[in-house]
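> Submitted below is the structure of interest, expressed as structure tokens.
The values are calculated or read from the model by the stated rules, or taken from the named source; none is laboratory data. Given the structure is predicted, the values throughout are model-derived calculations rather than measurements. Please note: Cβ atoms are built from the backbone with ideal geometry, for glycine as well, and neighbour counts cover all protein chains shown. The protein model used for the area step is the full one, side chains on, heavy atoms only, and it has no ligands, DNA or RNA in it. Shrake-Rupley method; radii C 1.70, N 1.55, O 1.52, S 1.80 Å.
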Amino acid sequence: MMSRFTRSALFAAASTLALSTAAQAQVFDQVGGGERRTVEVINVTAQQRVESAQDVPISIGAYDTGALEASGVQDIKDLISIAPGLMVTSTQAETITTARIRGIGTVGDNFGLESSVGVYIDGVFRSRNGVGFGDLGELERIEVLRGPQGTLFGKNTSAGVLNIITQAPDFEHGGSFEATVGDFGYQRYALGFTGPLIEDTLAFRIYGVDAKRDGFTSLVLDQDPNYDVRDSETEDYSTVRGQLLWTPSESVTGRIIADYSERDELCCSAVSYDYVGTGAFLVGGVTEATAVGAGVGFPADPEARVAFSNREYTQQVEDWGVSAEFDFELPVGTLTTVTAFRNWQNRRAQDIDYTAADLAFRDAENNFTDLTRFSQEIRLQGQTDNLDWLVGGFFSHEELRLGDALRFGSDWETYLGLVASGGANPNFVSDTLNGLALGFLGVPGLPGYTPLAPGSFFPDGSGPNQDIYDQTAESWAIFTHNTYQFTENLSVTAGLRYTSETKDVFATFSTTPTPGCSILEAYANANPATAWNPVAAFAGSPLAALAPTLCLPYARSGLDATGYDRERSDEEFSGTLRLTYDISDDAMVYGGFSRGFKAGGFNLDRQFNGPANAATGYTDSNTEFAPEIIDSWEIGFKSQLFGNVVQLNGNAFFQQVEDFQLNTFNGLAFVVESIEESESYGIELDAFWATPVPGLDISAGYANVNTEYTTVNTGDPLVDAIQGKAYSLSPEHFLTGQALYERTVFGNFLFTAAADARWVSEYNTGSDLDPEKVQDAFTLVNARVGIGREDGAWSIEAWGRNLTDETYAQVAFDAFAQGSRGGAGTSNDPRGTASYMAFLGAPRTWGLTLRTEW
């Protein structure tokens, strides 16, 4: 239920802005200031029709070229500066990027989960938010559609849509060149051309960009005294996009787009966020000859932006695609077809413990993602006297191949020995396993066993696994979306979509057991679901505490017997029903219901929680999770006040989520749980003001988002503990503002200035809502100032982002294999023995941009 505060805030905001606008109008009339400036109305395609954003009965944030350039928006993460209620974060790599609207989104670290916020670029869906992350180039506008958009945009838009439209070819010759330099060695060069190839029939646009930047974080590599300090979170990418606009007749228009991008960057390291317990064995003293056992605490000062590693964090991405959109004007209406093919490939390497101790790592050769997708959409729409109708169909075929391989580092054996012995014996693992195999621990020894030297049980780079997931997803849908005008002022919009999807995954596991794991499996078993603690062979022995962690899920050869071929199908109706009433030509109110649908799937990580398999004797693999359903109720208003000097829009919403797909990292692997019920409710306000000051425009936005996991019931005590708490990465309050100013000076020169700010209240960055992962409230401020020729022949701008140099965590997480929350003997410390790392947001940056247009 909507709180009293929420209702009061909604009405108070509307009343306050209305009064201030009235005062402005009165002052304007008194000074007789000539023709009154107005707010420009942005046309959008939120309902797959070109119409004013003020006429669409849903909550929309629409941002044109001017607002996007003034805020420096180059990718979807930059958009948070001016879009209230939107949260975009990255974790292990920038390819693992997640967008959230109204608190709802899916952690992107697991490619088995698809997005709750759909990213569309020029009408083509990007099936994961990270696949849509990159330099967006020459933008016409971005539409942030809040709430479920399943009727027209399909599955995986249950939380909303980022609808990105780039500039189309022009039948007049033109072009632009832009050169940017900044701190951290930042360089970005962009060049674009457009014009006719055949007069009034065929036009082209081509655009390319190349960018490089040093890293934001000092990454300390290696363990020897001659340690190496490198930059992490670097930027190095190139993008080219070519377009053709073809109009062979008055009744046919086609737009063909091809693009190619590549990235080769060192990203992303994590800094120490909070270290206790076992963290004492992972030193941060970079002058130490050996990183393990030095007894020096790891520094927990994120503001230092110092990270430690034994391996580089690399991300290599190749992304390309082609699409064709055609409109055919027929006697019954307009037939639109959108055909697209895309391929996205990624290889990455990482030191997964994020410390100077060499515990475990992934190499780029065996860790990869290859995602190929074909889609076809057909829409037919038309109008009668009172009815605006649309029907359509959609088909997509997606193939995903994912490789995951983890290797033990040179310190794994020593580290676990120190942990198990309380720091007393770095050879504890070798001593214990030799003793076990020789029969010294009260159980028979292994026949013919020869003791191994310390360091031989888990050698550097050994095993343990190569997991391959091949997943195919095929989806089709039919839909309709119609608006009927009952009277001149009253209309109803109704939409319905039926979606059917089938996913098939074939998973294979190949494990090369280390000598240490082979010994343990000889005494216990290789069954991946057996905890090994306690088991009869180890009860009361030193191995009772050590065995569960020693071989991880990744090194138990019994997983090889649980490779699987599984299929699941989902079908669902989604839709919308809304009433709109025009109070006048300048104001309307609306209310309605919509349902969003995100398909179920498979957790593409080592999670084995099914029943016993009678044929193999091992636990079967059941990694399925249910589809996510969102029901949303919304009431709102849109207004253009005082001759469109002010636009004021607001709404209140209530959303119920069934089977919210929660992806969380437990310190060893990613686990997917379906949260039975949760909810999100609040208000959203957007205001735009063409001030009496010539050339000065001000916009602001506010979102109050209240979220709660109301019923959890997963059976996992740590996950069930989030019941009654708010979603992760969901601040209760978002506040944004932007001011744009331009005026002519010195005859034919144009002076420009812009500033924007974003404040969010505190929120928890961890999906398990561990209280140690809370990020305090903070503000980000960006600004730019420039001067140039009024005709665009040249301009120069100075700009800065995060001007107050706020240090904030995008996501904090449990450090790999480094303790656990609420462990035994830690009742006085809710952190238990857990240690935490964090991926930070960008620090303050500044630079200069030189631009020319012709």
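> Hey, among G792, G786, which residue is farther than 17 Å from I80 by Cβ and surrounded by fewer than 17 Cβ atoms within 10 Å (Cβ to Cβ)?
Values: G786 fails: surrounded by fewer than 17 Cβ atoms within 10 Å (Cβ to Cβ).
The match here is G792.
> Only residues in the range 589-601 that are of a type in the set (V, I, T) count as the first member; pair them with residues that are modelled with pLDDT of 95 or more and surrounded by fewer than 21 Cβ atoms within 10 Å (Cβ to Cβ), Cβ under 6 angstrom, at least 6 apart or cross-chain, and list the lot.
Note: pairs meeting the criteria are V589/Y581; V589/F637.
> Can you tell me which residue is surrounded by the most Cβ atoms within 10 Å (Cβ to Cβ) among those in the range 577-618 that are at pLDDT 85 or above and part of a loop (DSSP other than H, G, I, E, B)? Reasoning before the result, please.
Step one: filter the range 577-618 for residues at pLDDT 85 or above, giving 577-604.
Filter again for part of a loop (DSSP other than H, G, I, E, B), leaving 585-586, 599-600, 603-604.
Details: D585: 7, D586: 15, A599: 26, G600: 21, N603: 24, L604: 22.
Ranking the qualifying residues of the range 577-618, first place goes to A599.
> Hey, among G215, G182, G208, G175, which residue is surrounded by 15 or more Cβ atoms within 10 Å (Cβ to Cβ) and within 18 Å of C268 (Cβ to Cβ)?
Numbers: G182 fails: within 18 Å of C268 (Cβ to Cβ); G208 fails: within 18 Å of C268 (Cβ to Cβ); G175 fails: within 18 Å of C268 (Cβ to Cβ).
Exactly one of G215, G182, G208, G175 is surrounded by 15 or more Cβ atoms within 10 Å (Cβ to Cβ) and within 18 Å of C268 (Cβ to Cβ), namely G215.
> Against the conditions (1) under 41 Å from the mean Cα position of the chain (by Cα); (2) under 30 Å from L390 (Cα atoms), where does F457 fall short? Just the number, please.
Only one criterion is unmet by F457, namely (2).
> Please verify whether the range 377-389 includes one or more residues that are open to solvent by less than 40 Å² (accessible area, probe 1.4 Å), aliphatic (A, V, I, L, M) and either farther than 29 Å from V505 by Cβ or assigned to a strand (DSSP E or B) (or both).
Looking through the range 377-389, none of the residues is open to solvent by less than 40 Å² (accessible area, probe 1.4 Å), aliphatic (A, V, I, L, M) and either farther than 29 Å from V505 by Cβ or assigned to a strand (DSSP E or B) (or both).
> Look through S574, S632, S621, S639 and report the one residue that is at pLDDT 90 or above, in contact with a helix residue (DSSP H, G or I) (Cβ under 6 Å, 6 or more places away or on another chain) and of a type in the set (G, A, S).
Details: S632 fails: in contact with a helix residue (DSSP H, G or I) (Cβ under 6 Å, 6 or more places away or on another chain); S621 fails: at pLDDT 90 or above; S639 fails: in contact with a helix residue (DSSP H, G or I) (Cβ under 6 Å, 6 or more places away or on another chain).
Testing whether each residue is at pLDDT 90 or above, in contact with a helix residue (DSSP H, G or I) (Cβ under 6 Å, 6 or more places away or on another chain) and of a type in the set (G, A, S) leaves just S574.
> Does L750 fit the bill of being open to solvent by 20 Å² or more (accessible area, probe 1.4 Å), farther than 22 Å from D659 by Cα and not small (G, A, S)?
Criteria met by L750.
> Right, here's the next one. Any chance the range 505-516 includes a residue that's polar (S, T, N, Q) and closer than 30 Å to V589 by Cα?
To start, the set of residues in the range 505-516 that are polar (S, T, N, Q) comprises 508, 510-512, 514.
Going one step further and asking which of them are closer than 30 Å to V589 by Cα, we end up with none.
No, the conditions are met nowhere in the range 505-516.
> For the range 506-522, which positions are open to solvent by 20 Å² or more (accessible area, probe 1.4 Å) and part of a loop (DSSP other than H, G, I, E, B)?
Taking the range 506-522 and keeping what is open to solvent by 20 Å² or more (accessible area, probe 1.4 Å), we get 506, 508, 510, 512-513, 515, 518, 521-522.
Hits for the range 506-522 are T512, P513.
> Name every residue in the range 795-813 that is small (G, A, S) and within 30 Å of M87 (Cβ to Cβ), in order of residue number. Steps first, please.
Of the residues in the range 795-813, the ones small (G, A, S) are 795, 798, 800, 809, 812.
Those that are small (G, A, S) and within 30 Å of M87 (Cβ to Cβ): A798, G800, A809, A812.
> Can you name the number of the only condition in (1) modelled with pLDDT of 80 or more; (2) open to solvent by 10 Å² or more (accessible area, probe 1.4 Å) that S20 fails?
(1)
> Give the residues of the range 311-338 that are charged (D, E, K, R) and surrounded by 15 or more Cβ atoms within 10 Å (Cβ to Cβ), sorted by residue number.
Pass one, the range 311-338, residues charged (D, E, K, R): 311-312, 318-319, 325, 327, 329.
The answer is R311, E312, E318, D319, E325, D327.
> When only residues in the range 723-742 that are touching a Gly at 6+ places or on another chain (Cβ under 7 Å) and open to solvent by 40 Å² or more (accessible area, probe 1.4 Å) count, which is nearest to V760 (Cα to Cα)?
L740
> Take the range 294-310 and flag every residue that is crowded, with 20+ Cβ neighbours inside 10 Å, at pLDDT below 80 and not aromatic (F, W, Y).
none
> Still on this structure, please answer the following. What about S761, is it buried (at least 18 other Cβ atoms within 10 Å of the Cβ) and not aromatic (F, W, Y)? Walk me through how you get there before you give the answer.
Numbers: buried (at least 18 other Cβ atoms within 10 Å of the Cβ): no; not aromatic (F, W, Y): yes.
No; evaluated as a whole, the condition is false for this residue.
> Just to check your reading of the model, which residue among G85, G150 is buried (at least 24 other Cβ atoms within 10 Å of the Cβ), of a type outside the set (A, V, I, L, M), in contact with a Gly (Cβ under 9 Å, 6 or more places away or on another chain) and within 21 Å of D570 (Cβ to Cβ)?
Details: G85 fails: within 21 Å of D570 (Cβ to Cβ).
Just one listed residue meets the conditions, G150.
> What number of residues within the range 764-780 are part of a strand (DSSP E or B) and crowded, with 19+ Cβ neighbours inside 10 Å? Quick ask: steps written out before the conclusion?
Taking the range 764-780 as the starting set, the residues that turn out to be part of a strand (DSSP E or B) are 764, 774-775, 778-780.
So of that shortlist, the ones also crowded, with 19+ Cβ neighbours inside 10 Å come out as 764, 775, 780.
Total meeting the criteria: 3.
> Specify which of the listed residues (V73, V50) is open to solvent by 10 Å² or more (accessible area, probe 1.4 Å), hydrophobic (A, V, I, L, M, F, W, C) and without any contact (Cβ under 8 Å) to a residue 40 or more places away in the chain. Before you say what the answer is, go through the steps one by one.
Values: V73 fails: without any contact (Cβ under 8 Å) to a residue 40 or more places away in the chain.
One residue alone meets the criteria, V50.
> Looking only at strands (runs of 3 or more DSSP E) that lie completely in the range 111-202, which have at least 3 residues being touching a Leu at 6+ places or on another chain (Cβ under 8 Å) and within 30 Å of R213 (Cα to Cα)? Even if it seems obvious, please write down each step before you answer.
Values: elements: 117-121, 124-126, 139-146, 160-166, 174-182, 186-198.
Strands (runs of 3 or more DSSP E) meeting the threshold: 117-121, 139-146, 160-166, 174-182.
> Additional query: D720 passes all but one of (1) within 27 Å of the chain's Cα centre (by Cα); (2) open to solvent by 30 Å² or more (accessible area, probe 1.4 Å); (3) in contact (Cβ under 8 Å) with a residue 12 or more places away in the chain; which number fails?
(3) is the only condition that D720 fails.
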